[in-house]
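Enquirer: Here it is: the structure, laid out below.
The values are calculated or read from the model by the stated rules, or taken from the named source; none is laboratory data. Since the model is a prediction, treat every value here as computed from it, not as a measurement. Heads up, the Cβs are rebuilt from the backbone with ideal geometry, glycines too, and the neighbour counts pull from every protein chain shown. Accessible surface areas use protein heavy atoms only, side chains included; no ligands, DNA or RNA. Shrake-Rupley method; radii C 1.70, N 1.55, O 1.52, S 1.80 Å.
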Amino acid sequence: MEIKSVILAAGKGTRMKSETPKVLHKIFEKPLLGYVLDNIKTITNENFVIVGHHADEVKEYVEKNYQNAKTVLQTPQLGTGHAVSMVLPYLKDFKGQVLILCGDTPLITAETLNKFVEFHNSNNSDLTVMSTIFENPTNYGRIIREQDGSLKCIVEEKDAPPEQKAVKEVNAGIYILDWAKISPAFTQLTSNNAQGEYYLTDIIEWGKKNNLKVNAFILENSDEIYGINSRKNLAEATRIMNTRKLNTLMDNGVTIVDPNSTWISEDTEIGTDTIIYPSTYIEGKNKIGKNCKIGPCAHFRGGVEVEDNCKIGNFVEVKKAKIGYNTNAGHLSYIGDSELGAYVNIGAGTITANFDPITGTKSKTILKDNVKIGSNTVLVAPVEIGEGTNIGAGSVITKNVGEWALALTRAPLRIIEGWVKRK
């Protein structure tokens with residue numbers, strides 16, 4: 001059955017204390033909303049992002065990065081139920097399923113969402129809500145079940161009496177529903193509650209009153225629905241995501257020398273027998289091959305592809321670069337907007353000067369196979385160094401150099417005998 005999604009991303013995120021909308025705050029340089037959209041891309045064919053606070057910024061991000069997503073403005077913002085009702089005109093004749101998620105839960109996985117959809121279908125549900133168990137359920141809506149264990153309703157904490165506040169099963173904020181059956185609920189919700197808002201959670205009670213089949217799917221790993229409401233939450237979510245990624249990499253044959261000081265983005269692939277040394281930070285989307293050595297203190301800024309048997313050493317920064325087989329950049333270098341061939345050696349202190357501050361443009365540096373770059377060299381892009389060429393230490397290269405040449409721009413050495421004693 002066809003599945004579309006509605007992602008709630010209209011909130012201001014007051015506790016973030018930021019001019020940036022909450023869903024555009026980043027983990028490993030990727031917005032929170034991006035994680036949600038990426039994790040549903042194999043499940044849904046069309047996604048509606050509900051925007052409100054700083055709507056233009058969120059809209060720009062969505063339209064620039066996701067072809068199968070569109071934004072829908074919620075104004076005024078009258079609650080989560082009202083937010084979902086914004087898509088009614090777009091889904092007037094839709095007969096499939098709608099997955100509803102929050103834009104500030106970057107830890108939810110595609111695997112979990114697939115299990116959620118399978119649970120909904122296998123139980124012939126009309127509406128399924130995801131729940132989880134929290135030892136401290138403060139601030140979450142409580143899952144209230146019937147005596148037979150079926151789902152009765154969800155009660156927000158501000159509306160819950162003491163006996164319901166003691167319930168540890170909470171609403172995870174993710175729903176799947178058969179749209180044709182449940183969509184009429186969004187025109188019948190009321191705002192008779194402490195907040196004076198239209199709660200999405202009220203569709204549970206509405207479904208039961210209309211004799212529809214309502215279920216709850218218990219999420220085992222509650223970390224996956226960890227929401228971001230503050231800078232502390234953002235830091236904790238980053239830690240959880242990083243630990244999860246490092247464990248996966250180690251299980252798949254990557255050596256992480258010191259997990260406590262190593263940070264690697266979810267969108268980075270690393271081959272077997274590669275070693276990641278301490279204090280390495282890898283953000284963005286990257287692909288690192290087998291038998292490589294990365295770090296210590298290396299920084300990948302995204303868009304990096306490293307082939308097998310390479311070494312990217314201490315205090316080397318790499319961004320938007322392809323690095324060929326058996327190439328070494330041992331220390332204290334910057335490689336940006338570059339393409340390096342196989343068996344290239346980058347001397348210490350080498351810089352690819354790729355940015356023109358006058359035009360604001362970035363240009364590419366290309367080093368062919370077997371190129372050797374001496375220490376303290378600046379390669380001023382756009383520039384191409386031919387196969388086998390050596391660049392002398394201390395050079396500033398501003399023109400293309402052909403194959404198997406020696407290029408250097410070193411000033412003549414002057415020795416003034418006795419200068420120090422005379423001074």
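Enquirer: Pop the C-beta distance of Lys158 and Asn221 into the FRET formula with R0 = 45 Å and round what comes out to the nearest 0.05.
Expert: After rounding to 0.05, the efficiency reads 0.95.
Enquirer: Moving on. Sort 303-312, 187-196 by packing, meaning the average of other beta carbons within 10 Å per residue, with the highest value first.
Expert: 303-312, 187-196
Enquirer: At 7 Å along Cα-to-Cβ for each site, give me the label-to-label distance between Lys287 and Glu46 in nm.
Expert: 3.2
Enquirer: Under a no-solvent Debye model with one identical scatterer per Cα of the range 245-303, what's log10 I(q)/I(0) at q = 0.12, 0.17, 0.28 Å⁻¹?
Expert: -0.21, -0.43, -1.33
Enquirer: Once a ≥ b ≥ c are taken as the square roots of the eigenvalues of the Cα gyration tensor of the range 144-231, is the result rounded (a/c under 1.5), prolate (a/b larger than b/c) or oblate (a/b not larger than b/c)?
Expert: Rounded.
Enquirer: Which value, in debye to the nearest 20, gives the size of the charge dipole of the range 174-274 about its Cα centre, when Lys and Arg are +1 and Asp and Glu are -1 at the Cβ?
Expert: That gives a dipole near 520 debye.
Enquirer: How big is the antiparallel share of DSSP beta bridges in the range 1-117, given as a percent to the nearest 5?
Expert: Taking every DSSP beta bridge within the range 1-117, about 10 percent pair in antiparallel fashion.
Enquirer: Additional query: If you take all C-alpha pairs in the range 90-197, what percent of them are over 21 Å apart?
Expert: 45
Enquirer: At 1.4 Å probe size, with no ligands or nucleic acids counted, give the accessible surface of Asp267 in Å², nearest ten.
Expert: 60
Enquirer: Considering only DSSP beta bridges whose two residues both sit in the range 308-423, what percent are antiparallel, to the nearest 5?
Expert: Counting only bridges with both partners in the range 308-423, antiparallel ones make up about 5 percent.
Enquirer: How are the Cα pair distances of the chain distributed, in percent, across 20 Å bins from 0?
Expert: 23, 43, 25, 8, 1, 0
Enquirer: If you don't mind, another one. Kindly report the accessible area of the chain per residue (heavy atoms of protein chains, probe 1.4 Å, no ligands, DNA or RNA), in Å².
Expert: In whole numbers, the chain has 49 Å² accessible per residue.
Enquirer: How many nm is it between the label spots at Asn376 and Leu73, if each spot is 7 Å from the Cα in line with the beta carbon?
Expert: Between Asn376 and Leu73, the label points sit 5.9 nm apart.
Enquirer: Let me ask something else about it. With a 1.4 Å probe and every protein chain kept in, tell me what percent of the accessible surface of the range 299-347 is carbon plus sulfur.
Expert: That share works out to 45 percent.
Enquirer: Along each principal axis of its Cα atoms, how long is the range 282-400 end to end? Whole angstroms, biggest number first, please.
Expert: 35, 31, 20
Enquirer: Hydropathy at least -1.0 by Kyte-Doolittle, axial extent at least 24 angstrom from the Cα trace: which helices of the chain, defined as entire DSSP H runs, fit?
Expert: The answer, listed by residue number, is 231-251.
Enquirer: Let me know the charge dipole size of the range 297-423 about its Cα centre in debye, to the nearest 20, where only the beta-carbon of Lys, Arg (+1) and Asp, Glu (-1) is charged.
Expert: Taking the Cα centre of the range 297-423 as origin, the dipole is about 760 debye.
Enquirer: At Tyr325 and Asp38, where each label point lies 7 Å from the Cα along Cα→Cβ, what is the point-to-point distance in nanometres?
Expert: Result: 2.9 nm between the two label points.
Enquirer: If you take the beta carbon distance between Glu111 and Lys423 as r and set R0 to 60 Å, what does 1/(1 + (r/R0)^6) give as a FRET efficiency, to the nearest 0.05?
Expert: Working from the Cβ atoms, E equals 0.25.
Enquirer: Using r as the Cβ-Cβ distance of Lys168 and Ala393, and R0 as 45 Å, what FRET efficiency do you calculate, to the nearest 0.05?
Expert: Computed FRET efficiency for Lys168 and Ala393: 0.10.
Enquirer: Quick check: residue separation of Thr272 and Ala194 times 0.36 nm, minus the Cα distance between them. What number comes out in nm?
Expert: Answer, rounded to one decimal: 22.6 nm.
Enquirer: Then there's this: In whole Å, what is the distance between the alpha-carbon centres of the range 282-320 and the range 1-40?
Expert: A separation of 28 Å, based on Cα centres.
Enquirer: Counting DSSP beta bridges with both partners in the chain, what percentage is antiparallel, nearest 5?
Expert: Taking every DSSP beta bridge with both residues in the chain, the antiparallel ones total about 20 percent.
Enquirer: Highest first, please rank the peptides 81-89, 205-213 by the mean number of other Cβ atoms sitting within 10 Å of their residues.
Expert: So the order, starting with the most tightly packed, is 81-89, 205-213.
Enquirer: Over the range 257-296, with every protein chain in place, what whole percent of the accessible area is carbon and sulfur at 1.4 Å, could you tell me?
Expert: 48
Enquirer: For a quick protection proxy, order the peptides 48-59, 113-124 by their average other-Cβ count within 10 Å, most packed first.
Expert: Ranking, from highest mean packing down: 48-59, 113-124.
Enquirer: Which order do Arg414, Arg239 take by accessible area at a 1.4 Å probe, largest first?
Expert: Putting Arg414, Arg239 in descending order of accessible area: Arg414, Arg239.
Enquirer: Provide the gained length on full extension for the span Asn136 to Asp56, in nm with one decimal, where the gain is 0.36 nm per separating residue minus the Cα-Cα distance.
Expert: 25.2 nm
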